[in-house]
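Each value in this text was obtained by applying a stated rule to the coordinates, not by laboratory testing. All values reported here derive from a predicted model rather than from experimental measurement. Here Cβ is always computed from backbone atoms with ideal geometry, including for glycine, and neighbour counts include all displayed protein chains.
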Amino acid sequence: MKRRTVIKQLSSVLPAALLAGRVNAAGFLAGNNGESILKGAFEPNWESLQKYKTPEWFRDAKFGIWAHWGPQCQPEAGDWYARGMYQEGSRQYKYHLEKYGHPSVFGFKDVINEWKAQNWDPEELLALYKNAGAKYFMALANHHDNFDLYNSKYQSWNSLKMGPKKDIVGGWEKAARNQGMHFGVSVHAAHAWSWMETAQRSDKSGDKAGIPYDGKITKADGKGKWWEGVDPQELYAQNHPLSQNSLDNGGIHKQWDWGNGVAVPSKEYCEKFFNRTIELINRYDPDMIYFDDTVLPLWPVSDAGLRIAAHLYNKSIKKHGSLEAVLNGKILNEQQRQCMVWDIERGQSNSIEPLPWQTDTCIGDWHYNRAVYDRHGYKSAKTVVHTLIDVVSKNGNLLLSVPVRGDGTIDSDERKVVEEIGKWMHLNSESIYGTRPWKVFGEGPAIENAAPLSAQGFNEGKGKPFTAEDIRFASKGSTLYATVLGWPDSGKVTIKSLAAGKNHQAEIKKVELLSNRQALKFERTNEGLVITFPENKPSEFYANALKIS
């Protein structure tokens with residue numbers, strides 16, 4: 001179903017989802033019910049949001065760490081568990097049967113009850129992440145599972161009332177502020193409507209064939225249960241017909257932009273999402289919001305995302321006197337990239353982008369997966385550092401997820417990766433923080449083998465690995481940083497982009513190895529700037545930042 005067809009169908013279904021409120025005495029635009037948006041320089045439409053300008057703090061920060069942590073981490077069985085556990089025959093379905101029982105009896109709601117976060121120490125983790133060089137921190141506020149990890153008056157299924165009975169977002173925020181880090185939240189719950197449709201299914205074979213999973217149970221079914229008095233439909237949101245081709249487990253990806261036959265969410269559902277998110281902004285005052293959506297949440301079937309964006313920006317201006325908020329969206333057209341910061345998932349741009357952007361990736365699975373630890377399968381610090389350097393050279397930031405276990409800790413392999421990133425950053429961060437793109441982003445064989453973006457991104461790891469022949473550039477004032485992504489076996493590196501008479505016209509007076517401030521011998525020829533490396537390698541030699549004055 002094409003997007004314009006969706007909008008046409010919705011004109012009779014969701015007329016109230018389009019903003020029709022009036023300005024009240026406090027300067028707020030009144031919503032249909034519940035929360036209101038702050039009036040100011042930004043209005044909830046694309047033309048107004050085009051006035052956005054990315055704040056300098058974000059452009060300078062370059063590196064953030066994300067805790068993509070919620071009840072789906074409790075089974076320690078990987079990403080999208082709350083969906084996969086209802087897919088008969090899948091790895092997560094089989095795992096769930098063995099660990100918890102059949103999903104008609106023990107559903108995702110019951111996984112939430114198992115999650116206690118008993119060893120969570122946000123202050124210790126945030127100190128670790130700051131020491132690794134992260135300038136901002138992102139906390140999961142809710143996932144597609146629809147469970148709010150904060151004090152929410154609009155969603156009974158939240159972490160203060162159930163599971164750990166703790167304010168997860170509040171704990172993360174306090175720790176981040178104590179470390180002097182900018183604080184962000186990621187919001188994913190707009191898609192629960194279609195994402196949780198697997199919970200409406202039943203087994204097709206075996207002794208449980210035909211017995212429905214728990215996706216459509218009601219408040220009345222809770223009598224005598226741990227969740228008595230609470231409506232599971234607040235969580236599952238499945239009192240609606242299935243989307244077209246709902247039994248195709250991969251079909252949801254084609255429907256992510258609320259087209260191609262997806263079940264259209266109700267006005268009530270859209271407005272509840274709006275209220276929950278505005279409350280989140282007002283209660284925790286995040287500097288940054290990441291939306292895991294095509295463009296904005298529920299767009300184009302509702303303008304809830306536009307209203308949220310306008311409120312976030314106006315609230316930031318009211319607090320700071322200037323716009324200091326960052327909003328991330330995916331798969332943006334040229335106009336939309338002017339309205340927010342474009343986010344690329346698990347991938348990188350292949351050129352210098354005219355506007356600041358961000359890549360988000362993870363060292364393992366988004367939700368904690370014990371199997372990755374058992375096989376020692378995390379991304380190495382080398383891979384993370386190379387990604388950061390490449391992204392920064394193209395006007396981007398890196399948001400790195402470090403998976404958190406159900407109990408609130410990270411494992412020993414993850415800690416080792418984070419600490420090693422910190423070692424490199426302590427020696428070389430001058431070439432990262434506060435820099436801007438140079439005339440070219442880099443040179444070397446990896447450029448010729450770069451993979452194109454696919455949908456949200458998904459091109460990381462598909463190109464040729466970086467070597468000492470690959471170099472990435474960044475600048476700060478009159479200083480140029482050239483980072484060599486390996487240690488040259490020959491003892492010399494030739495930077496072709498700095499050949500005599502090319503990009504850098506000024507005289508080069510000094511070249512330093514940034515990690516130890518050692519001045520290096522160099523010669524500028526018609527072939528390039530030939531630099532002689534020292535005989536002794538620094539401990540983290542997989543990326544060697546050169547400061548060229």
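If you take the residues in the range 177-219 that are farther than 19 Å from ASN239 by Cβ and among the acidic types (Asp, Glu), which one is nearest to the chain's Cα centre (by Cα)? Residue satisfying both the conditions and the ranking: ASP203. Comparison of GLU324, GLU279 shows that the only residue that is charged (D, E, K, R), in contact (Cβ under 8 Å) with a residue 60 or more places away in the chain and closer than 20 Å to TYR52 by Cα is GLU324. Inspection of the range 57-65 identifies at least one residue that is touching a residue at least 24 places away in the same chain (Cβ under 8 Å), within 29 Å of ASN158 (Cβ to Cβ) and of a type in the set (Val, Ile, Thr). Screening the candidates TRP424, TRP357, TRP366, TRP342 for the property of being aromatic (Phe, Trp, Tyr) and within 23 Å of TRP120 (Cα to Cα) yields one hit, TRP366.
Each residue in the range 138-172 was checked for being without any contact (Cβ under 8 Å) to a residue 12 or more places away in the chain and either of a type in the set (Asp, Glu) or buried (at least 21 other Cβ atoms within 10 Å of the Cβ) (or both), and 1 of them qualify. Restricted to the range 194-233, and to residues there that are touching a residue at least 24 places away in the same chain (Cβ under 8 Å) and charged (D, E, K, R), the residue that is surrounded by the most Cβ atoms within 10 Å (Cβ to Cβ) is GLU197.
Within the range 66-92, the set of residues being in contact (Cβ under 8 Å) with a residue 60 or more places away in the chain, in contact with a strand residue (DSSP E or B) (Cβ under 6 Å, 6 or more places away or on another chain) and either surrounded by fewer than 18 Cβ atoms within 10 Å (Cβ to Cβ) or not in a strand (DSSP E or B) (or both) comprises HIS68, TRP69, GLY70, GLY78, GLU88. When restricted to residues that are in contact with a helix residue (DSSP H, G or I) (Cβ under 7 Å, 6 or more places away or on another chain) and either under 28 Å from LYS166 (Cα atoms) or hydrophobic (A, V, I, L, M, F, W, C) (or both), the range 387-402 contains 3.
For SER539, the conditions (1) part of a loop (DSSP other than H, G, I, E, B); (2) touching a residue at least 60 places away in the same chain (Cβ under 8 Å); (3) buried (at least 20 other Cβ atoms within 10 Å of the Cβ) all hold with the exception of (3). Among the residues examined, TYR95 qualifies as more than 25 Å from the chain's Cα centre (by Cα), surrounded by 18 or more Cβ atoms within 10 Å (Cβ to Cβ), in a helix (DSSP H, G or I) and aromatic (Phe, Trp, Tyr).
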